[in-house]
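Before any comments, here is the structure.
The values are calculated or read from the model by the stated rules, or taken from the named source; none is laboratory data. Just so you know, these numbers come straight off a predicted model, no measurement behind them. Glycine also receives a Cβ, built like all others from the backbone with ideal geometry; neighbour counts cover every protein chain displayed. The protein model used for the area step is the full one, side chains on, heavy atoms only, and it has no ligands, DNA or RNA in it. Shrake-Rupley method; radii C 1.70, N 1.55, O 1.52, S 1.80 Å.
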There are 2 protein chains.
Amino acid sequence: MGDEGISSPGKRTVGTAFWERGTDDVSPGREVNPRVKDIQVSQREALLGQAAQIRHGLRQGSNKPYKELIDICWGDAHSAGMKPISFVRQVLAACIHPELLLHGDRLPADARHRAQRLLGECNGGSVGSYTDTSGLPHVKRSVAEFITRRDGGVRSLPENILICLGSQRALMLVLNLLAQGEGVSQTGVLTPVPTCNTVSMALAEAGVVTVPYQLCEEQRWALQTDELCRVLQAARGHCDPRVLYVANPGNPTGHVQSRESIEEVIRLAAKERLFLLVNEVDQDSVHAEGCEFVSYRKVLFEIGPPFSDMVELVSVHSIARGFMGEGGMRAGYMEILNMDPAVKSWLVDVLMCPDNETPVLGQIALDIMAEPPRPGDSSHATYTEEVRSRRETLIGNVGRVQKVLDALPGVSCQPVMGGNYVFPRLHLPIAAVDQAKSVGVEADLLYCKLLLEEEGLCVGPGCEFGQREGTHHIRLHVMVPTEALDDALGRLKRFHLRFMRAFS
Amino acid sequence: MGDEGISSPGKRTVGTAFWERGTDDVSPGREVNPRVKDIQVSQREALLGQAAQIRHGLRQGSNKPYKELIDICWGDAHSAGMKPISFVRQVLAACIHPELLLHGDRLPADARHRAQRLLGECNGGSVGSYTDTSGLPHVKRSVAEFITRRDGGVRSLPENILICLGSQRALMLVLNLLAQGEGVSQTGVLTPVPTCNTVSMALAEAGVVTVPYQLCEEQRWALQTDELCRVLQAARGHCDPRVLYVANPGNPTGHVQSRESIEEVIRLAAKERLFLLVNEVDQDSVHAEGCEFVSYRKVLFEIGPPFSDMVELVSVHSIARGFMGEGGMRAGYMEILNMDPAVKSWLVDVLMCPDNETPVLGQIALDIMAEPPRPGDSSHATYTEEVRSRRETLIGNVGRVQKVLDALPGVSCQPVMGGNYVFPRLHLPIAAVDQAKSVGVEADLLYCKLLLEEEGLCVGPGCEFGQREGTHHIRLHVMVPTEALDDALGRLKRFHLRFMRAFS
C-alpha cells in the first residue's frame, strides 16, 4: 500500500485505488468485521442517528450538561440558523401567491416586478406547471449572462446551460453519462483526497472507478499536477482514467486554486484527454486576503485555441451554497463546454425524463442568484447589506475558529482560503487510536461520537472525506451565526482538552 | 408477431415483447430508416418542438388561422389554465416569507397556523434547509394518517412512507431496486398497453424487460387477469417476470378497477410471487356514476393473511395530479408494504443520496394534500368550493368531449371512468395510414402533427402510449378550463372532418 491510506472500506471509500488495497479492502462485504462495516458504510447515518437520539432525549428532559445540540457537521446554513436573503423570499412568495402583487405595500417594487416577469415565463403563468426539463429558457439566459459578467465578458451561451436539481444531481448525470466499459476499459475518475462525502457516493452509484489523488495538506491543500500525473500513470492498465474531478474552492479543504494552477490542470487535461468535471459551488465564498475565484472556463478561454475548442469541461454551481444557502429548494446548473454533440444530446435526452425536472421555485431562486438587484433597484441596498453581513460573519468565523484551533494542543490547521468549512488535522494520542481500533472505528469518528455525546456538538469526521493513512481530521461548517459558533468552539475546546488528557 | 402491434421501435416501445418482434424491431439502431428512428425516438420532443415553433411564429405575427395554440397533450393542469388551490398557495407563501405571518389581514388564520406549524418542523425553521432524504417526519405522519382515513381505518405507518420527487421518480427508484440479472434471469415488468409514455421511459432507463399486457379496449380498457397469465407464461424462459405494474385509474385509458378486479390481481400476484407496483396518482379523479376508487392496500388488508403479510406492494401518489395539479413543485410519496427489510433499507440508502431529496416546499404542499382544511377551519368553505368546482369542470369536460367524439365519423370512445384523460380510437382511412407509412410515421402521429399545424391544437398520439397493431388513438387532457376545451373541441371537429374527407 502506498502512502495514501484507506479511510473507510465501505462504498464511500476515497482514500486508495482499489488495485492498491489489501484483500480486506477489495471485498469488504465478506471479510470485514460486520460491525465495522456497518459503521463505516453509514458513518454519516450513525452520527445523524446519534444526534437525533440526543435531540429527542433533550426534548424529553434528559439530563445532559448542555441544553441544545449544535450541528456544524453538514453544510446546511439555514439549519444552522443563517437567515435567507430577503429579496429571494419576497420574489418567491409573490410568485407562489400572486395575490400579494395586488397589495403594493408589503413587497418592494423590484421584487414585485421580478415576480411578474418570472410568472410570465412560466407555462400558464403558474409555478405549479412543468417546465422544459432542462429548465426555463429565461433562467438559462439569466445564468448565461451571469457567467459572462462574472468572467469579464467571456461569453456563455444559454444552450450550454442545463438547470438541474442541485450540484449533486448534476454530478450524477455527468458521471452516468461517462460511465462505461469493464475491467481495463472501465471509466476511471480522478478524485481528490479529501473530498466531499457526497461525491464518493455519486462515484459509487455511477459505477465508475475512483482514482484518488492526494491534495497536499502542507501547502494549504493545494492540487499538484505531479500527483495527477503519478496516479494517472498508475491507474492505466487497471481502468480507463477519462475524467478529472476538481472542486474549487475545495471541500472540505477550503483551498482556492490560483489562475496558474488552473492553467496547468487544463493543459494536463488536454494532453491526457481528460474530461474536466469542476465543482465551483463555493465560488462566492473566497475570503483569504489577495485570493480570488477564477473559473476554469475563463482560464480555458484565455489560453485560447486549440485548448478552448477541445477540452471538455462541465462546471456545476448551486443555490444551496454561498450567501443564499437555499439547499431545500433543490436547484443548480451545469455549463457544458466542448462536449461531443451526440453525447450532449444524450445528456439532454436523459435530462428530458420528467423525474429530473427542477422545481420551478428553485429555478426562480436560481434566476435571482444569477441576477440580484442592481444599483437603483428598491431592494439593492438591503440585498447588498445582507450579503455584506453574511460575508463578514463568514470571514469573522473563519478567523475565530483558526484562533481557537491554533491554541489547542494536538491540532494543526492550514490557513483557509475559501469555502464554508475548516478542516483541521488532529494529532491524536496513540492510546486513542488504539482504542478506536479496538472498537472497530476510525479514531476521528470515535472523537466525533464522544464529542457529540459529551458536549452535544456535531462535527464531521475526517474519515468520511478520505485522508492520508494515519492522519485524522474533523470538518467544521462555519457558515453559521457567530453566537452559535462561539458556543460550539467553547464545547470543542473543553472536550478536546479532556480527550487529550484522558488518552495521554 | 401476435395481435399486439409494436407502436414505436424506439426506446419507449411498449407494444410488443422483444422476443416477439421481427429483426427490424430488435435492432432499430441499425436497420430502421434514420428519419423514422429519429421521429419515433422523440415523438414527444418532435411535437413539443413543432408546438414551440408555432408559438414563436404566432408571437412574431405569423399568419395562421388561429391566434393561440391550445395544448391538451400533456397532463399539466396549470399550464392549461387551471387555477391552484388557494390554501396551498397561502400556506406556501407564508412558509417562504414568514414576515407575512406578521400581517394577519392578508392570510386566513388556518393558513397562518399551518405555516407556523410546518416551519416548526423544518430544520432551523426555514424551508431553505435540508430535510431527511426520505422526507420530513411530520409530513410522513400526515401522509400515513391520510391513507388510514381514506381506507376506512386500515392503518398506514409513517415508517412505510417515503417522500420523493414525484411519482415518476418513485417508479424509477423502485425499478432500479428490482432491476437485476441478465438474459433469462433479467427482471421483467408486466406493463399495460397502453400506458403513460413516461413509464416506458422509466422501464428503459432502469434496464428491465418490458412484458406488455393488453388492456381490453372493448370493455372500457379493463385489466384482465387471463391476459396477465398468458403473458406471464410467454415471458418465462425469456426473462424473469417479477414485477406487475398497474395504473389505477388507468392512464391514458381512464379505466377504474373494481374491488373484485383488484382482488383477482392481488391473488394472482401472490400465486406468481409478483411484486405489485401500483400507480394511484389519479385517485381523486374518479367521476363515472357508481364508480369509486379503492386502493390496492385496502383490498390487500381486507383479503387478510397470509396475503396481507406476503404480497409486496408499493403504491405511488403525487401532488401533480388531482385538484392540486402542482407538478412544478415536484413531490409525491410511495407507501411500501411487505418489502424484505434488507431490500427496503437499500431503497432508503439509495434515497439517502442528497440528489434524491424532495424540495421542502413540495413536501409542504404534500402535507396539505394529505390534510386539507377541516370543517370549522377558516379556509374550509373556500377549499371545499374550489375542489367542488374543479370536480364539476372535470366531469362536465368529460361529458362534452364524449358528446363531440360520438358525433364524429371514424371515432369511437369507451366511456371514461376516471383520470384526467380521454383516449378515443381513430378509425382512419387506409389512404391516411398509407401516407403516414410513406413518410415513416404512425398514422396517429401524422394526424396529430397536421392537427397542430392546421388548427394550433396539440393532442397526444396513441403511438406514444402503445396500442394494438393497426389501431390508432389520441389522448386528450381534459383537466382544463371549459372555455379552452370548447375551443379545442371546435378545432378538433373542423380538422377531423377535413382530414377524413381528404383521405377518403
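What the table below lists for this structure:
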quantity: Over chain A, relative contact order from alpha-carbon pairs under 8 Å, at least 6 apart, %; calculated: 22 percent
quantity: Value in Å of the Kirkwood radius, where the stretch A:88-128 supplies the Cα pairs that are averaged; calculated: 9.8 Å
quantity: Rounded accessible area per residue of the stretch A:137-370, 1.4 Å, Å²; calculated: 31 Å²
quantity: Net charge over other residues, Cβ less than 12 angstrom from the Cβ of residue B:59 (K, R count +1; D, E count -1); calculated: +2
quantity: The protein assembly as shown pair-distance distribution - Cα-Cα, 10 Å bins, rounded %; calculated: 2, 11, 20, 24, 21, 14, 6, 2, 0, 0
quantity: Summed buried accessible area for A+B [probe radius 1.4 Å, Å², rounded to 100]; calculated: 4400 Å²
quantity: Cα centroid separation - the stretch B:305-339 against the stretch B:209-264, whole Å; calculated: 19 Å
quantity: Local electrostatic count at residue A:225 - Lys and Arg +1, Asp and Glu -1, tallied over other residues with Cβ under 9 Å; calculated: -2
quantity: Relative contact order (percent, whole number), the stretch B:137-370, Cα cutoff 8 Å, 6+ residue spacing; calculated: 24 percent
quantity: For residue A:286, distant residues with modelled amide H under 5 Å away; calculated: A:419
quantity: Residue-span extension gain [residue B:204 to residue B:309] - 0.36 nm each, minus C-alpha spacing; calculated: 34.7 nm
quantity: Solvent-accessible area lost in complex, 30 Å² minimum, residues of the stretch B:78-103 relative to chain alone, 1.4 Å; calculated: B:78, B:79, B:89, B:93, B:96, B:97, B:100, B:103
quantity: Label point 7 Å beyond Cα along the C-beta direction, distances from residue A:375 to other copies (nm, shortest first); calculated: 6.3
quantity: Furthest towards positive pole of dipole, B:448, B:277, B:346, structure part chain B, Cβ charges; calculated: B:448
quantity: Using a Förster distance of 25 Å, the FRET efficiency for residue A:258-residue A:230 (Cβ separation, nearest 0.05); calculated: 0.75
quantity: Relative counts (whole %) of C-alpha pair distances in the stretch A:304-374, using bins that are 10 Å wide; calculated: 17, 38, 31, 14, 0
quantity: Residue-averaged [θ]222 nm for chain B, counting only DSSP H segments that reach four residues, each worth -39500 (n - 2.57); calculated: -13500 deg cm²/dmol
quantity: Centroid-to-centroid separation of the stretch B:387-402 and the stretch B:54-75 [C-alpha atoms, Å]; calculated: 25 Å
quantity: Relative contact order computed over the stretch A:97-224 (Cα-Cα under 8 Å; 6+ residues apart), in percent; calculated: 14 percent
quantity: Projected label distance in nm at residue B:145 and residue A:68, using a 7 Å step from Cα toward the beta-carbon; calculated: 2.7 nm
quantity: Phi-based couplings in Hz for the stretch B:314-325 (Karplus 6.51, -1.76, 1.60; Gly and Pro marked x); calculated: 10, 10, 10, 9, 7, 7, 6, 10, x, 8, 7, x
quantity: Selection from A:118, A:107, A:165 lying farthest towards where the dipole of the stretch A:59-184 points positive, charges on Cβ; calculated: A:107
quantity: Efficiency of FRET from Cβ geometry, residue B:385 and residue B:437, R₀ 60 Å, rounded to 0.05; calculated: 0.70
quantity: 5 angstrom amide H check on residue B:188, placed H, neighbours 5+ away; calculated: B:209, B:240, B:242, B:243
quantity: Per-residue average of Cβ from other chains inside 10 Å of A:358-367; calculated: 4
quantity: Cα gyration tensor shape for chain B, rounded if a/c is under 1.5, else prolate or oblate; calculated: oblate
quantity: Of all accessible heavy-atom area on chain B, the percent that carbon and sulfur account for (1.4 Å); calculated: 50 percent
quantity: Probe 1.4 Å, protein heavy atoms only - accessible area per residue of the stretch A:86-133 in square angstrom; calculated: 36 Å²
quantity: Charged-residue dipole, Cβ positions (Lys, Arg, Asp, Glu), the protein assembly as shown about Cα centre, Debye nearest 20; calculated: 1100 debye
quantity: Label zone at residue B:182, where the point sits 7 Å out along the Cα-to-Cβ direction: the stretch B:210-244 residues whose backbone N lies under 16 Å; calculated: B:239-240
quantity: The stretch B:90-123 versus the stretch A:121-188: alpha-carbon centroid distance in Å; calculated: 33 Å
quantity: Residue-wise HN-Hα coupling along the stretch B:233-247, computed from phi with Karplus coefficients 6.51, -1.76, 1.60 (Hz; x: Gly, Pro); calculated: 4, 5, 6, 4, x, 10, 7, 10, x, 10, 10, 10, 9, 10, 10
quantity: Dipole magnitude of the stretch A:88-128, debye to nearest 20 (Cβ charges: Lys/Arg +1, Asp/Glu -1, about Cα centre); calculated: 80 debye
quantity: DSSP bridge orientation in the protein assembly as shown - percent antiparallel, rounded to nearest 5; calculated: 50 percent
quantity: For residue A:268, net neighbour charge (Lys/Arg +1, Asp/Glu -1) across residues whose Cβ lies under 14 Å away; calculated: -2
quantity: Whole-Hz couplings from phi, Karplus 6.51/-1.76/1.60, listed for the stretch B:140-153; x for Gly and Pro; calculated: 4, 5, 4, 5, 4, 5, 4, 5, 4, 4, 4, 9, x, x
